[in-house]
There are 2 protein chains.
Amino acid sequence: MRNIAVDGERLWRDLMEIGRIGETAKGGCHRLALSAEDGHARDLFCRWMREAGCTITVDGIGNIFARREGRDPARPPVMVGSHLDTVPLGGKFDGIAGVLAAVEVVRTLNDRAIRTEAPIEVVVWTNEEGSRFSPFTMGSQVFAGQQSLDAMLARRELLDPERGATVGEALDRIGYRGTAPVGGRKPGCYFELHIEQGPEMARDDAEIGIVTGSFEARYFVATVEGEQAHVGPTPMAVRHDALVAASRLILEIDRIGRAHGVDGRANAPHLELHPNVRGVIPGRVMVSCDVRHRDHATLGRMHGDLVMAAQMVERVHGVTVTLEQYGEFGPVAFDPGMVALLRDTAASLGYRHRDILTVAGHDAVPLNTICPAGMIFCASRAGGISHNEREWSEPADVAAGANVLAQAVLARAGVVPD
Amino acid sequence: MRNIAVDGERLWRDLMEIGRIGETAKGGCHRLALSAEDGHARDLFCRWMREAGCTITVDGIGNIFARREGRDPARPPVMVGSHLDTVPLGGKFDGIAGVLAAVEVVRTLNDRAIRTEAPIEVVVWTNEEGSRFSPFTMGSQVFAGQQSLDAMLARRELLDPERGATVGEALDRIGYRGTAPVGGRKPGCYFELHIEQGPEMARDDAEIGIVTGSFEARYFVATVEGEQAHVGPTPMAVRHDALVAASRLILEIDRIGRAHGVDGRANAPHLELHPNVRGVIPGRVMVSCDVRHRDHATLGRMHGDLVMAAQMVERVHGVTVTLEQYGEFGPVAFDPGMVALLRDTAASLGYRHRDILTVAGHDAVPLNTICPAGMIFCASRAGGISHNEREWSEPADVAAGANVLAQAVLARAGVVPD
């Protein structure tokens, strides 16, 4: 195996530098998709990649491709990347570490004057988080043909559905509505490094997680319709308070997550509350919620429990609850050849590694539908907390992942003999 | 008793006309304080009052005073009025019926060429509802010296605390930041007609409610601090989900309201949820809540139950809950002379009437601290539902209230002999 160890110090320095764009008081990062801060981070990425000799292309949904040409430009590129957007008050690693590791792979190849047979494209996908605009992994889904470009460009900000910008307007504002067609081409393969975002690897003291696939997840909006009324004169006995009913549903969802073993997850993190003022009993609440499990049959039972919980809330509170599924993902099985390559690479480099499933969605999930895709996790510290300003990985954690990534990219791209 | 029956048809016609400003699809009214619609309703009120020969004054918080001069301009005026703003998707009666009944009193006196000793001022108070800007009864509180003008002008929109307008800016936009000093003068007395907004009067088939006083109410913000984290990889067992904890608190608040007899009320109608996105376990939720009862000792127990509920939620969910009281009102006892006058007037006119307490705050509450104040309720139909598009009173209900109001105003203002 050729020695192409990355420069871990350079990688860390630039990861910290790009993390200053949107940096928060507690050392995290607040950089919502297509915000001014996202634009600045994209600008810095493009500057770095041009300095590294790459050609930049931006497509119609704002995905950025930095291409290092191969000996044979006709070969489909080896793609490697992740995202630069964060959740509100998030960390400096989620997504960003994957982009910076890919940047470091290119720089390392440059340092060692290694030419590859196939081109390498470092990718920044638009709006992976789905915090400002729904759905998550928007850019990679459009690229993979799972969402229509026009529909996504028209999506409006979730937090301000009346006055907020559309995706198209937000792209225009930061200058990243590109002219390249979105998708319509198959990469040779796709690699993504990501932080784990959970506590599993720490239990085994693993340095590298080989992501073999994903949990299964189903996403819903539960609309609770009660009766808006005055908080004062309305007797308790005649109320149909949609928020009280929604609160019961949220507790039930939490219970469902806990009732199905360590692999159960159930979430209700997002509400739209009407009218949400101090003097009025809420008449309508929309609860975004989801259930997740690694086992398909168990997930079906959790889904059934959710339906029953909605019916119970209807009976107890005299409201109506409409449950509408708006998305799903998984179970994904990543390409076996890619999994084997990443596992063998980690072993050859002497890293403690283990197989792992992702519970969260990642850009590698849509990519896996159009080309062989593979993911590695590097270690998350602080108990694996993520989507939090305290999210943390050590310099050595990120460098280990980048080293595996470099070897695997090279194996797939092919080295041109000196 | 002089016959000064109001023109019920004219009163109803103009009540319906002003209700078209901000009218909703279901026949309600959406006219938030100091919105463009509120401005248009104010314009219409001012035009009507000028046509009725009144002089318009607007003070620094936007309260409007339409003065019908008395024989003795030096006498303190008899004030009578209410508010023109509504809650989101509210009705056409709450507040508005009180303003229109006062308009009709002046028109009736004009029709019959009745001069009064004291001036009469028909008042529109700014932001009674407190939906867009906190607190409720803002204009009447500043007038009564209970809030500072500068502090209230600086209050920003509750629903958009970052980008929203201040009260001062919103007043400027609709042209109702007046030049008259706010308050600093004592009315001779204050009358307010309001719809009941509850089911009590219907039980006794009462046409007029004589409001002798109010419930006691205490208002809080409960801040629940958990730990923001990723919805996917974070195991259920290690979560500190602030929204799950807040949901438990909301159910407890509802339980407290039901556990203290028919006069118990406990509400939690308004939330601020952070970050309120689909991929992140909420780290912080602020819940506006209140407890109300007619009995002071019982209210104290409800307050104690709320404190204990907050402590229980802390223990069960591993979060912190900080309970901060931001307001209170009552128990109010309206001026006994005003109560007796209104009761005797209703009886003399042959209306079925009963004494009643208000559970909600009204502009008469701050006014009662600076002059004798009295309130009457007219009947609410549709089960007494209010703060809802279905809020309804019949033409005869409003006319009955206006007849009582006309007699009582005349009794206090004094008739100049022909």
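Bear in mind these aren't lab numbers, they're just calculated from the coordinates by the rules spelled out. What you see is a predicted model, and the numbers here were worked out from it, not measured in a lab. Cβ coordinates were reconstructed from backbone atoms using ideal geometry, including for glycine residues, and neighbour counts include every protein chain displayed.
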Q) Tell me which A residue has its C-beta closest to the axis rotating A onto B, and the distance in Å? A) A:S247, 2
**Q.** Nearby lysines by direct alpha-carbon distance to B:K26 (threshold 19 angstrom, same-chain neighbours under 8 apart not counted)
**A.** B:K92
Q) Placing a label point 7 Å from Cα toward Cβ, how far apart in nm is A:T298 from its equivalents in the other copies, listed shortest first to one decimal? A) 4.9
Q: Report the net charge of residues surrounding B:P161, where surrounding means a beta-carbon distance below 15 angstrom and charges are Lys +1, Arg +1, Asp -1, Glu -1.
A: +1
Q) Considering only the other residues whose Cβ falls under 13 Å of the Cβ of A:L349, what net charge follows from Lys and Arg at +1 and Asp and Glu at -1? A) +1
(Q) When a/c reaches 1.5 or more, the comparison of a/b and b/c decides; with that in mind, is segment B:148-249 rounded, prolate or oblate per its Cα gyration tensor? (A) oblate
Q: Would you mind computing the Rg to Rh ratio of the protein assembly as shown from its alpha-carbon coordinates, Kirkwood style for Rh?
A: 1.10
(Q) Given the options A:T55, A:L273, B:P119, identify the residue whose Cα lies farthest towards the positive end of the charge dipole of the protein assembly as shown (+1 on Cβ of Lys, Arg; -1 on Cβ of Asp, Glu). (A) A:T55
Q.
How big is chain B along each principal axis, measuring the range of its Cα positions in Å and listing the largest first?
A. 84, 45, 40
Q) Separation of segment A:200-243 and segment A:118-160 by C-alpha centroid, Å? A) 23
Q) Which percent, to the nearest 5, of DSSP beta bridges fully inside the protein assembly as shown are antiparallel? A) 70
Q. Taking chain A as a Gaussian network, Cα atoms linked when under 10 Å apart, which of A:G98, A:G62, A:G27 shows the biggest mean-square fluctuation?
A. A:G27
Q. If you take the charge dipole of the protein assembly as shown about its Cα centre, with +1 on Lys and Arg Cβ and -1 on Asp and Glu Cβ, which of A:H362, A:L44, B:F136 is farthest toward its positive end?
A. A:L44
Q. What percent do you get for the relative contact order of chain A when only Cα pairs under 8 Å and 6+ apart count?
A. 23
Q: Using only Cα atoms, tell me the angle between helix A:36-51 and the longest principal axis of chain A; keep it within 0 to 90° and round to the nearest 10.
A: 10
Q. Placing +1 at every Lys and Arg Cβ and -1 at every Asp and Glu Cβ, with all other atoms neutral, what dipole size does segment B:85-240 have around its Cα centre, in debye to the nearest 20?
A. 440
Q: For B:V238, put the label point 7 Å out on the Cα→Cβ axis and report which residues of segment A:338-369 keep their amide N under 18 Å from it.
A: A:354-361
Q: Starting from the Cα-Cα distance between A:D295 and A:V262, subtract it from 0.36 nm times their residue separation and give me the gain in nm to one decimal.
A: 10.7 nm
Q | Calculated [θ] (222 nm, deg cm²/dmol) that DSSP helices of n ≥ 4 give over chain A, each run adding -39,500 (n - 2.57) | A | -10500 deg cm²/dmol
Q | ³J(HN,Hα) computed for each position of segment B:377-394 - Karplus, 6.51 cos²θ - 1.76 cosθ + 1.60, integer Hz, glycine/proline x | A | 9, 9, 5, 9, 9, 6, x, x, 5, 9, 6, 8, 4, 7, 3, 8, 9, 7
Q) Taking springs between alpha-carbon atoms closer than 10 angstrom, which of B:G95, B:G374, B:G178 fluctuates most in the Gaussian network model of chain B? A) B:G178
Q.
Only four residue types carry charge here, +1 at the Cβ of Lys and Arg and -1 at the Cβ of Asp and Glu. Report the dipole size of chain B about the Cα centre in Debye, rounded to the nearest 20.
A. 160
(Q) Using each residue's phi in segment A:289-297, evaluate 6.51 cos²θ - 1.76 cosθ + 1.60 at θ = phi - 60° and report the 3J(HN,Hα) Karplus result to the nearest Hz, with x for Gly and Pro. (A) 8, 8, 10, 9, 7, 7, 9, 4, 5
**Q.** Within-12-Å neighbourhood charge of B:S247 [Cβ basis; K, R +1; D, E -1]
**A.** -2
Q. Cα convex hull of segment A:237-317: mean projected area in nm², to one decimal?
A. 5.6
